[in-house]
Structures are given as structure tokens and as C-alpha cells.
Amino acid sequence: MPRRGPEGRTGIRRRAAAFPAGVRRRGAALRDGVRHGVRHPRAGLRAAGRALRPRYPRPGRRGVRRWLPSGRQAALACCWVLALLAGLVGYGYQHTRIPADLNAFATQQDNVYYWADGTEMARVGPIDRQSMPLSRIPKATQNAVLAAEDASFYSDPGISVKGIARAVASMATGGETEGGSTITQQYVKNVYLNQDRTLSRKATEIFLAVKLDRKLSKDTILDGYLNTSWFGRGAYGVQRAAKAYYGKDVSQLTVSESAFIAALLKGGGLYDPAVSAANHKRAVQRWSWVLDRMVRTGHLSRADRARITAFPEPLPPPRPAGLGGQTGYLVDTARAYIAAHSGITDEEFDRGGYQIYTTFDKPRVDALTSAVQGRLAALRPAGRAADRDVRVGAASVGTDGRILALYGGPGYVTQGFDDANISIVPVGTAYAPFVYAAGLRDGVQLVRDAPRTPVTPGTLYDGDDRTPVMTPEGPYWSLDGKIVKVANDGGRSWGRIPLREAVANGVNTPIVQLGMDVGIDRVRKASVDAGLLPDSGFAEQIPQFSLGTATPSPIRVAGAYATFAARGTHTDPYSVLRVTRDGERVPVQGPAVTHPFSPTVAGEVGDALARGGGLAGVEGTAPDNTSAYYAGYDTSAATAVALFRIDPKTQQLQPLTGTTGSREPEHTGSRFPAQIWSAYVAATH
């Protein structure tokens, strides 16, 4: 390999000579500059880069010290982390926008229900909200809230660095997130975000709080916070809280009451004294703390604090407004129909803003309520044990399926369960028309595997008391080895009797035998076709089945009787005509319409039930006397009334023997529903 002398032109020098003269001159200048201590700009940058680049693991060190960073390296790492955090914060702040729309809770409204004539029936919703301008909220209330939630509200930039650090550390370790938010942050969470406990939501909250603090005045933010915060008892906003807990306008709150209202911001469910003894204890402690805090923040003098010693006991929780009497039962019925026949989710419905136009006819509801309560007034529960725990469920359904009226109980606030929709009460002998309709429609089979024989209203059956039940093969034997015999009401024997008269007079033996001849399965299907639900508590398919062991609700019994009134056409009972929101109609599925019976069959059932004056109806009692029914109809609607007793401790049905003071040993309740039915029909015609 040739040597490179200082003056030789070999190797690198020969290659350098190949470059243009200008390039060679710049290279020479750079070399000269280096020799004489003059650095080229690029050389300076390269040198700085080498200086900042950490030498790690550390050279010249051995063992563990080789891996321990120097003070200079640790400082550099901190600088890089701080620079990265500053960049992320700047980026997040720059790209966070104040939403144009508020979240669901901030826009939540009531749902409004209307009577069939379009007049308002009730306003219902989980949000009880009424805004109140800050000028009408007492300074004492404002100061109590500031002392409890954010004493530095009027001086902070919308956030608290200490509070944020505390909250982030708590979330990172899986602890509580409360206590790290300013009032501005809480307001942002109320109206723009959600209650999720995540770092991303917290970061968005912080950026929005800073921006909102720069955009709005402090008074505006405090106004919004006080009118959107939750105080328990379904109350949103300090005005509704004052009403819910003290029954007064917020402007009338005392300092002591204001301290309690402020305490509720920590959690209404934890500090409502009416909930439990533990809640009461927490509420007193928190109330006292708020007052002491007001002293420390300069919002209350020590002398005034010393005079406040008694805890301001709130009122008991108020009863739901607008749902008293029968209205609550009607609202629940309509709500259930919407849930089953529309695409509206529970979340969407609870957000509110819907207008629900129902089928309920107010004059009919009032008439049915008056008829029931008028008869119940004759009971003497204080002096007659059989008159205690008596309940009535009733419903009126139009021939087109519209539920016109309900009686669900003494009042929705008193008894929340709807007795018009109860499904544990036997329909009793009011089931006979369905057995009769099945025979008229399907005929009977008197010989096994032989063709079915038609049945007419004049077909004769044995109406004597204790008549054995027959099958095509002979008598029907029970599991205990005895021939099953049917008893008539009062032990009366009627001899050979046409089916029409047997149905009209409630003679049990022909009805039970007809059910066996038709086939219990066909009888069951006929009643379901008429409108009873397939799961209407149908009992074992034995002879007693035709005496009404099934337990359909009064609504379903009325709907099924309406099928006969509509000449064999059944329209499933429905309670909602239409639903709108923001002026737009919301799709709701209409009722199903079927034609289970011919007009002839329906007309023959009506003839058997005819009571004169265009009315048709029949009494009914359960075989064990645990219920009494009356069901009937005219040309426009059918109505069913059920009477029963339920032991409040066991929730089991009790016999009606002796109810209303009757001395008859059994089947004493049927006249009571008949009287209610007659009074109602008289009031609506």
C-alpha cells in the first residue's frame, strides 16, 4: 500500500483533487477554521448533540454505579419528561372544544301523558328540575355551597392543581375520585360530560373547565352549577331541592337549612336523613362541618355559628306529584305498552320530552272509580274480619281494543300494584262463555276417533247436581279412585237444560260436561283466541278447568268479552293512540286484530248473556270462593270487575265467605262485582 507523505497526491488527496475548485476551497477554509479555533455552525450543532446525548451505561464505572444515572443525566431526563408533558397538555388544550350541546341530564324533561280527549293527564319523569336565577338564590345558600365545595372559586382559574393531583393519584390507585374538582369542573361534568371515573374524562374536564372559566363569568358558572346539580329525592337544582326537603322556595332558606342543602352535594343518597339512621348521622355531621367551614372561609361569624345548634330536620320525602288516584295506574299501563310496542329504549324514554296520547276516557275512569268506591264504602273492616283486605280490580275495554278505564286500587301512591292487571285471581264461572263459544265453534266429540258433532244453543245437557263427569269411555275417575261429580251452586238440580240456559243461569254441570266433550285443550285455545294470554295461569286440564281455574287479569277478561261484543273480531287491548317528540310522531306498533269467532257464534254467546237493554253479562265465582267476578258488555265496550281478598302477610288469596256481611256459607261475593258493574254502566249510558 503506497505511503501518504505530507506532500503526496495519493489516496484521499487524489480523490479530493477530483472535486471542483470551489468545493476544495470551502473544505480548506473549514480545516483552517478548526485549526484556528473557529467552529462552523454545523460543527457546533454536532458538538451540542454529542454533549446532550447521554453516555449510558456510564463509562469508567463498575458494578451498580455503572447503571446509576448521574445528576446531569437525571436532570436531562426530567427536562425531557416536562417538555413532553407540556407538549401533550398544549395539544390537548388546543384541540378541546366546548360542546355546542349539553348532555342528556342537562336537557332532560318530563314526559306528558294525555287523556283520550287530548287534555293533559300527568307529567312524569325522573328529573325534577326548575331553574332559578342566581339573584334569587340567597347569599347564605351560595356561601354554604362555596364553603363546602370550592372556597377559592372566585379566584381560581377553573381548576385546582392540588385537587387535580389528588384526584389523578386516587384514580390511578383505584380509590375515590371525589374531592379533586372545583365548582367549574363539576359544572362541566354536569352539563357536558358524564360521571365516568377515567383519566381521559378527567383530562377533558380539566381542559373544558379552563376554557369555560375564560369564556364565562364566575356568576354564570355558579348559576349553572346550582341549577344542574343533583340533591337527591329526584331533585335537580337548588330550587327543587328547597321544595323537596323544606317545602319552600329557595329564597326562603335559612343559613342552617342552606348548610344542609350544601351538604347534599356530597351525595343526596348518602345524606338524606329520611333514608336511614346512618344517613341521618352522616347528614348531621356534614351539616355541622359545612357551618364550621363557612366560619373558616369568612362567610359566617363565630357568634352566628354558635347560635346554630339544632339540626334543621327536613320534611319527609314528598309523594310523587300527578300520579295520585287512578292516574298512576293509567301511566304505568301506557308506559308498559310503549316499552313493548315501540323502539324507544328505557334510556331514551327517561330522557323525557315525549307526549303520550292515551286511550283512557276520563269520564269513564271517574265513573268506574266512583262505582267501586261507592260499594267498598259498605264494608266494615273494623268490626267484620271478612271485610278486611278486600280488593277490587276492574277494566273497561272498547270493542276496538281501546282500554277506556281502569280501577287499579285505592290510589297509586297508597298501593303501587295495579289490581286491574293482577294475574293470580281465578276468573271463576265467568269463564263459561269461552267454554260455550268453543262448543259452538268446534263441536263435540262424544265417541273417540269419530267425527265431531255440532252443538247448538238448544243442545240439551244434564243439569242435575252431583252429575258424574263422562268421557267417551265412561265416567271420569280422579287420582284417588273416585268418580268425579260436579256440584251446582246451592246444590240445585235443573234437569235436562239447553246450553243457552245453562250459561245464562250459571249451571255448573252442563258447562263442565261440555268442556269435556269439546276437549279441554280446545276450550283453552278458544279462550286464548278470544283474548286471554297463553300464560293466564291455566291450571291442569281436568274437568274443573271449565269452572274458571285460570287467572287472567281483569283487563284481559274485559278484552276477551269485547270480542263477543265486536261480533267475533278480537283487537288486542291497547292504551296508547300515538306518541310524539319535538313535534314528530314516534312509530308505535298498533294492536293485532284477529277473527276467532264467526258473527253467528258471537251473537249466540251474546244471546245467552243477554240482560236486557242491549246489555250482556254473567256472574262468576271461583270453585274455592277466593274470587268473585262480573263481566259483561254492550255494543261499544266490555267491562270486567274482580273482587278478592289477599292476606297482606302471606300474599295468598283468602275466601270471600262472609264478605259484605252475607250469611250464605259460600259464593257470597258475586253480587258485589255485579253491583259495581251496574253502577258503572248506568253512569256511562
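Here are the numbers for this structure:
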{"read-out": "Tensor-based shape of segment 566-685 (alpha-carbon gyration tensor, a/c under 1.5 rounded, otherwise prolate or oblate)", "value": "oblate"}
{"read-out": "Under 5 Å, built H, 5+ apart or other chain: amide partners of residue 248", "value": "243"}
{"read-out": "Protein accessible area in segment 530-588, 1.4 Å probe - carbon and sulfur %", "value": "46 percent"}
{"read-out": "Peptides ranked, highest mean first, by Cβ atoms within 10 Å: ranges 472-484, 556-568, 136-148, 265-277", "value": "556-568, 136-148, 265-277, 472-484"}
{"read-out": "Accessible solvent surface per residue of segment 505-579, calculated while the other protein chains remain in place, 1.4 angstrom probe, Å²", "value": "29 Å²"}
{"read-out": "Residue 404 accessible area, 1.4 Å probe, all protein chains in place, Å² to nearest 10", "value": "10 Å²"}
{"read-out": "Nonlocal amide H pairs with residue 637, under 5 Å, H built at 1.01 Å", "value": "399"}
{"read-out": "Residue 120 accessible area, 1.4 Å probe, all protein chains in place, Å² to nearest 10", "value": "90 Å²"}
{"read-out": "Built amide H within the under 5 Å cut-off of residue 486, gap 5+", "value": "466, 467, 469"}
{"read-out": "Cross-link table 189/281; 189/266; 189/211, entries beyond 22 Å C-alpha to C-alpha", "value": "189/281"}
{"read-out": "Potential extension, residue 647-residue 270 segment - 0.36 nm per residue separation minus Cα distance", "value": "132.2 nm"}
{"read-out": "Three-way shape call for segment 422-548 based on the alpha-carbon gyration tensor, with the a/c threshold at 1.5", "value": "rounded"}
{"read-out": "In Hz, Karplus ³J(HN,Hα) per residue of segment 118-123 (6.51, -1.76, 1.60; θ = phi - 60°; x = Gly, Pro)", "value": "x, 7, 5, 9, 6, 10"}
{"read-out": "Residue-span extension gain [residue 154 to residue 593] - 0.36 nm each, minus C-alpha spacing", "value": "151.5 nm"}
{"read-out": "Accessible area (Å², 1.4 Å probe, nearest 10) - residue 230", "value": "110 Å²"}
{"read-out": "Length released on extending from residue 414 to residue 313, taking residue separation times 0.36 nm less the Cα-Cα span", "value": "33.9 nm"}
{"read-out": "Accessible surface of segment 596-654 [probe 1.4 Å, protein heavy atoms]: carbon and sulfur percent", "value": "49 percent"}
{"read-out": "Modelled FRET efficiency - R0 30 Å, residue 117 with residue 685, Cβ distances, 0.05 increments", "value": "0.95"}
{"read-out": "Simple label model, 7 Å out from Cα along Cβ direction - residue 452 to residue 423, nm", "value": "2.7 nm"}
{"read-out": "Heavy-atom accessible surface of segment 306-437: percent carbon and sulfur, 1.4 Å", "value": "52 percent"}
{"read-out": "Within segment 597-625: backbone nitrogen closer than 18 Å to the residue 487 label point (7 Å, Cα to C-beta)", "value": "620-625"}
{"read-out": "Where segment 260-397 is the region considered: accessible area per residue in Å², 1.4 Å probe", "value": "47 Å²"}
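The values are calculated or read from the model by the stated rules, or taken from the named source; none is laboratory data. This structure is a prediction, so every number in the text was calculated from the model and none was measured. So basically every Cβ, Gly included, is an ideal-geometry build from the backbone, and we count neighbours across all protein chains shown. For the accessible areas, the whole protein counts, side chains as well, though only heavy atoms, and no ligand, DNA or RNA atoms are used. Shrake-Rupley method; radii C 1.70, N 1.55, O 1.52, S 1.80 Å.
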